[in-house]
Amino acid sequence: MSNYYYPELGAAPYRIMNMAEGMRQFNTDVDVLTCLPNYPKGVIFNKYRGKFSKHENIGGINVFRYWTFPTVSKNPFKRFFSMCTFGLTMWTFAFKRRRILQYDYVIIQSPPLMVAFSATILFRMVYRKKTILNVSDLWPLSAVELGAIKRGGVMQKVMVFMEKFLYRRNTMFQGQSREIIEHIESIAPNKKYFLYRNLQRSFEIENKTVTGKPFSIIYAGLLGLAQDVLGIIKNIDFKEIGAEFHIYGGGNQVKEIEGFLRNRDNGVFYHGYLEKKHLVEEQIKHHASIVPLKVRIKGAVPSKIFDLMSIQVPVLFCGGGEGAEIVKQYKVGLVSDPGDFSGLKANIIKIISLPQSEYNNFKENCVMACSSDFSFENQIRRYLEFLSLN
């Protein structure tokens, strides 16, 4: 069960799709329960508009979709209401009793907490199925750190209650970082868990060196508060330092980014959305990619780090914690502190000035990392073994 799924754009739907398709690749039957696609624009896609529910088969995976109130508003109450609507409409799926009884496991995506809370009641408490909570971010902690909700406020207290309920009631859990696992263990000790990284499936790409000037940098993803791409382009003149910055994606900063770039010649270009099928062929045209976090968020390891490793694009990471440790340990790029625009600018200048041999080392290190510790196929095998033993 996930609030996001293909054909929606962004890291959240892609990582769930990768998991589902990865398990299907190893002859595991997979169903997906999700809402009508609306992410990241907050508008239900044309093909699904005017429907309450829709059943599809996508690549051998049964996808059951239900209506939700879509929004990309920064207002936390509107976003909470949106989560509540799908948290309620998903109960229509409860009438598919015969199908649900056949499930060996139900994987529940969190956040959103409200949706995961409802799914846990449905599948764990009503149907008594074995449930695995897939935790990709530590909410409400992340929301507080980003300033999205008030520390100590009513919204935080409600979310903390839901968070603890989820950790204690679900059978097992999986987290995308060691920090996430440690946090959950502090609340619900003795639960079985799996470290499930947001890895990318292997790509067959031509091993070629990107050449030419100016030095070309890409960002493709959500343009929201957590990433603060707007802050980057306001504080760094890319043209001045001999670089171009190409931005793809959507989110609540899009209008401000477009407004800021209007009539400015600073080496920054916004290209709108880029479909997943065209993403890799566009990314490999660039020398490097920025992976930004506005603040240090406990447990956050952006999946873009692994996506870029898999296609040998060096990472300019702005953030701390495990993400920074991975980039440094495996030497797949350069690291600056979250929100440190001066540090990012210095790293861009540094990577531009590297001799070709040293720049190529980043790409070679990406290949080695993805063939060993960050192999998607190996992780899926280990994950299915974990499930078979529990």
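The values are calculated or read from the model by the stated rules, or taken from the named source; none is laboratory data. The structure displayed is predicted, hence computed values, not measured ones. When we count neighbours, we look across all protein chains shown, and the Cβ atoms used for this are built from the backbone with ideal geometry, even at glycine. Note: areas computed on protein heavy atoms with side chains; ligands, DNA, RNA excluded. Shrake-Rupley method; radii C 1.70, N 1.55, O 1.52, S 1.80 Å.
Tabulated results
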read-out	value
Cut-off 13 Å between beta-carbons: net charge of the residues surrounding LEU384, Lys and Arg +1, Asp and Glu -1	-1
Shape category assigned to segment 211-280 from the gyration tensor of Cα positions, a/c cut at 1.5	oblate
For the chain: relative contact order, % (alpha-carbon pairs under 8 angstrom, 6 or more apart)	13
More than 14 Å apart - percent of Cα-Cα pairs taken over segment 87-175	64
Extension gain from VAL43 to LEU389, taking 0.36 nm per residue of separation minus the Cα-Cα distance	120.4 nm
Debye-sum result for segment 62-216 in log10 I(q)/I(0), which assumes one identical scatterer on each alpha carbon, at q = 0.13, 0.19, 0.21 Å⁻¹	-0.70, -1.23, -1.41
In nm, spacing of pseudo-spin labels at GLU275 and ASN263 (7 Å Cα→C-beta vector)	3.6
ALA94 paired with LYS331, simple spin-label distance in nm, labels 7 Å along Cα-to-beta-carbon	5.7
If the convex hull is drawn through the Cα atoms of the chain, its volume per residue in Å³	136
At R0 = 25 Å, FRET efficiency that the Cβ-Cβ distance of LYS191 and VAL30 yields, to 0.05	0.60
Gyration tensor (alpha-carbon) shape descriptor, segment 208-361, a/c threshold 1.5	rounded
Of all accessible heavy-atom area on the chain, the percent that carbon and sulfur account for (1.4 Å)	51
Estimated inter-spin distance, PHE80 and LYS130, nm [label 7 Å along Cα→Cβ]	3.6
Förster-model FRET efficiency, 22 Å R0, SER73 and LEU146, C-beta, rounded to 0.05	0.90
Segment 6-28-segment 294-354 distance, computed between alpha-carbon centres (Å)	25
Rg [Å, one decimal], Dmax [Å, integer] - segment 276-381, C-alpha atoms	13.5, 42
Residue-averaged [θ]222 nm for the chain, counting only DSSP H segments that reach four residues, each worth -39500 (n - 2.57)	-12000 deg cm²/dmol
Principal-axis tilt of helix 76-89 within the chain, Cα atoms, nearest 10 degrees	40
